[in-house]
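Student: One structure, as structure tokens, below. Some questions next.
The values are calculated or read from the model by the stated rules, or taken from the named source; none is laboratory data. Please read all numbers here as calculations on a predicted model, not as lab measurements. We place every Cβ from the backbone using ideal geometry, glycine too, and count neighbours over all the protein chains shown.
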Amino acid sequence: MRQRRLKDLDEKLKELEDYLDTDGRENKGAWRRLFADKAINASWEITRMLYEGVITEEEIAASFEEPDSRLCLEIGCGKGQFLCSRAADFPDDLFIGVEGQESVIVRAAEKVRDSGHWNIHLLSGYIHDVHEFFEDGEVDMIYLNFSDPWPKAKHAKRRLTHRSYLAAYMDILADGGRIEFKTDNEDLFDFTLEEVEAMGYNIVQMTRDLASSDLESARYRTEYEDKFIDQGIKIKYLAIEK
Ligand SMILES: C[S@@+](CC[C@H](N)C(=O)[O-])C[C@H]1O[C@@H](n2cnc3c(N)ncnc32)[C@H](O)[C@@H]1O
């Protein structure tokens, strides 16, 4: 039975390979180039212009270096609802979603395929050292949405907002880049605040009731966020800028 399930999963992963990678390390420093290729594949108009020599592939890749085209990373993207809703409102942004559970990322990849957003790319696997995947300064936004709380003190280093993770995020962020963190979990939020303050990072937005705020982040909900809000749980949110 288990073998059958894994076989189905492997087939799904193969079927969805245009939308996800099982390893993204080879794209380190070249993520914008990957998105340029995705844009070319997705657009008949760009293909026509390339064919007619109106534009070159280098010019297309360069257009993705523009400051209005932010490279955004979500770590633990779940089933992809957050990425799809942001991609709909920010078509110039480029989104990378990483998710460790294969059965979950398959659902995200199906959502990305059905949404038609070429500007989302998914990575299947747990990411621990972001330096392996991104050059320093390559990323503009990092989203940590409802990260696993790891409640036991002895597991504190596994929390995605532990200071060792935060320091690595800061390395890969461009100047002026931003980390946004949302959680239902009071303890994880307090822990994160302590870590951010201990590292001296610059908190630019914070609330303990995101849904009642007029912050932009309240408009882009994740699957977990929908469930917590339905249960009357307040969402805690903070944003840090480099
Ligand atoms: C509680 S769920 C939240 C999912 C989604 N962000 C949401 O809010 O609906 C946390 C997810 O993060 C994933 N995850 C945790 N650590 C991760 C890591 N280091 N790299 C990739 N995914 C991770 C887990 O597999 C899980 O699906």
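Student: Residue under question is L50, and the condition is that it be surrounded by 14 or more Cβ atoms within 10 Å (Cβ to Cβ), among the hydrophobic types (A, V, I, L, M, F, W, C) and in contact with a strand residue (DSSP E or B) (Cβ under 8 Å, 6 or more places away or on another chain); does it hold?
Tutor: no
Here's the yes/no breakdown for (1) among the charged types (D, E, K, R); (2) away from the ligand (no atom under 14 Å from the Cβ); (3) part of a loop (DSSP other than H, G, I, E, B); (4) without any contact (Cβ under 8 Å) to a residue 24 or more places away in the chain:
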| position | (1), (2), (3), (4) |
| --- | --- |
| C84 | no, no, no, no |
| S103 | no, no, no, no |
| V112 | no, yes, no, no |
| H117 | no, yes, yes, no |
| H128 | no, no, yes, yes |
| H131 | no, no, no, no |
| F134 | no, no, yes, no |
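Student: Now a separate question. Please count how many residues of region 138-154 are more than 12 Å from the ligand (Cβ to nearest atom), under 30 Å from D190 (Cβ atoms) and either part of a helix (DSSP H, G or I) or not β-branched (V, I, T) (or both).
Tutor: Number of matching residues: 6.
Student: Further, regarding this structure: Quick one: Y165 ticks every box in (1) part of a loop (DSSP other than H, G, I, E, B); (2) aromatic (F, W, Y); (3) without any contact (Cβ under 8 Å) to a residue 40 or more places away in the chain bar one, so which box is it?
Tutor: (1)
Student: Out of (1) modelled with pLDDT under 95; (2) within 16 Å of the ligand (Cβ to nearest atom), the odd one out for R48 is which?
Tutor: Status for R48: all satisfied but (2).
Student: Being of a type outside the set (A, V, I, L, M, F, W, C), more than 14 Å from R25 (Cα to Cα) and within 15 Å of the chain's Cα centre (by Cα) is the filter here; which residues of region 123-147 pass it?
Tutor: Within region 123-147, D140, Y143, N145, S147 meet the criteria.
Student: Among the residues of region 168-205, write down those that are without any contact (Cβ under 8 Å) to a residue 40 or more places away in the chain and β-branched (V, I, T).
Tutor: Hits for region 168-205 are I203, V204.
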